[in-house]
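For reference, the structure is listed below as structure tokens.
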Amino acid sequence: MDLRFEREPMLTSIALSDFNTDIFDLFDRDWFLLTSGDLQAGSFNCMTISWGSLGTIWNRPFAQVAVRPTRHTFGFIDRYPDFSLCAFSEEYRPALQLLGAKSGRDGDKIKESGLTPIASAKITAPAYAEASLVIECRKLYAQDLDPKNFIDPAIMNSYPKQDFHRVYFGEILEIRGTGRYTRQDGHA
Ligand SMILES: Cc1cc2nc3c(=O)[nH]c(=O)nc-3n(C[C@H](O)[C@H](O)[C@H](O)COP(=O)(O)O)c2cc1C
């Protein structure tokens with residue numbers, strides 16, 4: 001018996017109106033794996049993130065992520081047209097810790113994490129067989145945070161190396177998840 005297959009969560013496509021989550025838990029407590037690149041070309045990288053948001057802009061659903069230019073992933077998300085955000089159940093916390101501590105420029109950290117890259121439904125960036133939630137995004141906008149615009153001076157404490165994030169807005173094209181992420185109350 002293939003135990004790995006047995007453990008892979010069953011994901012179904014979730015309409016935005018049925019998407020059910022606590023957004024603060026999702027970013028701050030559960031964390032996401034942000035992946036950009038091209039699975040087919042074998043050129044992609046990922047990193048753990050906990051800063052970001054989901055919402056609406058320009059009448060479109062979007063995800064916003066913030067990537068420091070020092071990350072190896074930065075070179076991918078900057079160059080490729082899309083990115084995925086994947087969330088995992090608690091048993092994969094060590095994998096997310098590893099992917100958020102090591103850099104893809106120093107070796108094959110994805111292989112070391114044990115996660116399995118698989119094709120996404122609508123974008124070139126991969127998702128993972130073990131993910132319990134996959135959000136596929138197409139880049140709409142990017143901008144470097146400018147310290148001149150920091151209204152609260154305490155924000156500078158996050159940048160001792162002056163490596164100000166570049167924020168990316170991605171239009172949400174697809175959400176797939178386990179039943180945990182689907183509204184059960186019949187709301188439409
Ligand atoms: C819980 C957690 C949250 C993180 N959130 C972010 C983030 O929002 N933005 C960011 O640039 N780095 C964030 N990081 C750091 C990157 O994941 C880390 O530097 C990673 O090793 C970069 O990998 P890479 O060089 O392969 O891109 C986070 C790390 C952890 C552990």
With the condition kept exactly as written, say whether any residue in the stretch 4-26 is surrounded by 11 or more Cβ atoms within 10 Å (Cβ to Cβ), within 13 Å of the ligand (Cβ to nearest atom) and part of a helix (DSSP H, G or I).
yes
Filtered residues of the stretch 130-154 (kept if surrounded by fewer than 16 Cβ atoms within 10 Å (Cβ to Cβ), in contact with a helix residue (DSSP H, G or I) (Cβ under 8 Å, 6 or more places away or on another chain) and of a type in the set (A, V, I, L, M, F, W, C)):
A142, F150
Which residue pairs have Cβ atoms closer than 8 Å, lie 6 or more positions apart in sequence or on different chains, and pair a first residue in the stretch 1-25 that is of a type in the set (D, E) with a second residue that is at pLDDT below 70?
D18/H187; D18/A188
Take the residues of the stretch 50-64 that are touching a residue at least 24 places away in the same chain (Cβ under 8 Å) and either among the basic types (K, R) or within 18 Å of S132 (Cα to Cα) (or both): which is farthest from the ligand (Cβ to nearest atom)?
R60
If V67 satisfies every condition in (1) within 12 Å of the ligand (Cβ to nearest atom); (2) over 15 Å from the mean Cα position of the chain (by Cα) but one, which is the exception?
(2)
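The values are calculated or read from the model by the stated rules, or taken from the named source; none is laboratory data. Not measured: the values here are computed from a predicted model. Counting neighbours? That spans all protein chains shown, and the Cβs are built from the backbone with ideal geometry, glycine included.
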